[in-house]
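Notes for the one structure printed next.
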Amino acid sequence: MERAGVSGLDSAQIWSISDGRAGNARQADALAGALADALGGTARVLALAPRAPWRWFAPRTLPAADRAFGDAFAAALAAPPTLAIGCGRQAGLATRLLHERGAKSVQILDPRIDPSHWDLVIAPEHDGLSGGNILTLLGSLNPVDDAWLDRARLEFAPFADLPAPRTALLVGGPMRHARFDAARFESVCGQLGRQVAQEGGCVLATTSRRTPPAIAGMLRQRLADTPGLAWCGADDGPNPYAGLLAWADRIVCSPDSINMISEACATRTAVEVFDIEHTSGRQRRFLDALLALGRIQPFGVGRPSASASPLRETRRIADAIRARLGLARASIGTG
């Protein structure tokens, strides 16, 4: 994946476009990378710097919308890529403008306006979006596959020396449709600690940017005497998240992040989610779909299986895009 400023982008390429927010960028980058691998092209990453007033209305257009992302992007519109992939509202305006200038356009997530402004819209099943140019997936797009996991094992090779079974604890933060409080999280940590004390192994825990300080502090405190590690921010060194997914024998997730749970389910490791009963809306629909497939189970309900079939939606969606848009290796230049 190549990162370039807008002025360095050229045509006959795949562009991955987002507002730079981690969740949006990860989905766009993952899909662009999968298509680049399949087509022999080069995926280039563009993080937008949207301007007012256009950013307030994106992906809807206003007069002079070609100035929404600065002079360099306006100039780049004269030489659009073969394929523009965007995720999020701001990227939706960019991919829409590129589509109008001849690029094939793929927009990830429901744009909340007529999908016909793009060649294809990729939306999660739990959003309930349908139409002739809609492709749906379970969960979110991500880069996790066997090759990604192999690289993570190499990068975090010392984790092989940690006692097994290794439980990865992935913690996000409470939100309106996925609530968990400090008392409930303390119970989860306590149960994991007791299991390790009785059965051996270790707990490898990581938090996210949305994790409240109180939850992060509790994680450190309750797991202080449990073998493993607790990563709660940059002060703890590089984020070991990829290593946790790669080396885990069991994964336990908080219920809030569709991206995080999707990536956990893309491994071949059993996944448990705590506090499913306190989720609602699109979050609950997503978790219910995974429960129906048997890909996750509620935390603490029986013993998880030793392995599971991976949920690999990114490659499936990339193959569907190639077929729907008639993309072949010769149609995507190498740059």
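Rule-based calculations on the coordinates, nothing more; no lab input. In this text, all values refer to a predicted model and were calculated from it rather than measured experimentally. Cβ coordinates were reconstructed from backbone atoms using ideal geometry, including for glycine residues, and neighbour counts include every protein chain displayed.
List of remarks:
- The stretch 1-155: C-alpha gyration tensor shape, a/c 1.5 cut-off, then a/b vs b/c: oblate
- Dipole magnitude of the stretch 146-311, debye to nearest 20 (Cβ charges: Lys/Arg +1, Asp/Glu -1, about Cα centre): 420
- Under the simplified labelling scheme, the Arg329-Phe57 pair shows an inter-label distance of 4.5 nm, with each label point 7 Å from Cα along Cα→Cβ.
- Stretching the chain fully between Ala74 and Ala320 yields a gain of 85.5 nm (0.36 nm per residue, less the alpha carbon separation).
- Relative packing of 228-239, 16-27, 90-101, which averages over residues the other C-beta atoms within 10 Å, highest first: 90-101, 16-27, 228-239
- 0 to 90° range, to nearest 10: angle between helix 89-100 axis and the chain longest Cα axis: 30
- Backbone phi angles across the stretch 242-250, fed through the Karplus curve with coefficients 6.51, -1.76 and 1.60 (θ = phi - 60°), yield HN-Hα couplings of 4, x, 4, 4, 6, 9, 5, 9, 7 Hz in residue order; Gly and Pro are listed as x.
- Ranked list, fewest to most other Cβ atoms within 10 Å of each Cβ, for Thr279, Thr61: Thr61, Thr279
- Helix 22-39 and the longest principal axis of the Cα set of the chain meet at an angle near 70°.
- Long-range amide H partners of Val252 with built H, under 5 Å: Ala168, Leu169, Leu170, Glu272
- Whole-angstrom gap from the stretch 130-152 to the stretch 235-258, using each part's C-alpha centre: 18
- Between the listed residues Trp15, Ala49, Ala38, the Cα displaced farthest toward the positive end of the dipole of the stretch 12-57, a dipole computed from Cβ unit charges relative to the Cα centre, is found at Ala49.
- In a reduced charge model with +1 at each Lys and Arg Cβ and -1 at each Asp and Glu Cβ, the chain shows a dipole moment near 560 debye about its Cα centre.
- Estimated purely from DSSP H runs of n ≥ 4, each contributing -39500 (n - 2.57), the mean residue ellipticity at 222 nm for the chain is -10500 deg cm²/dmol once divided by its residues.
- In this label model, Ala157 and Arg179 are separated by 4.8 nm, measuring between points 7 Å along each Cα→Cβ vector.
- Computed over the stretch 146-311, the P(r) curve from all C-alpha pair distances, binned at 10 Å from the origin, holds 11, 43, 38, 8, 0 percent per bin.
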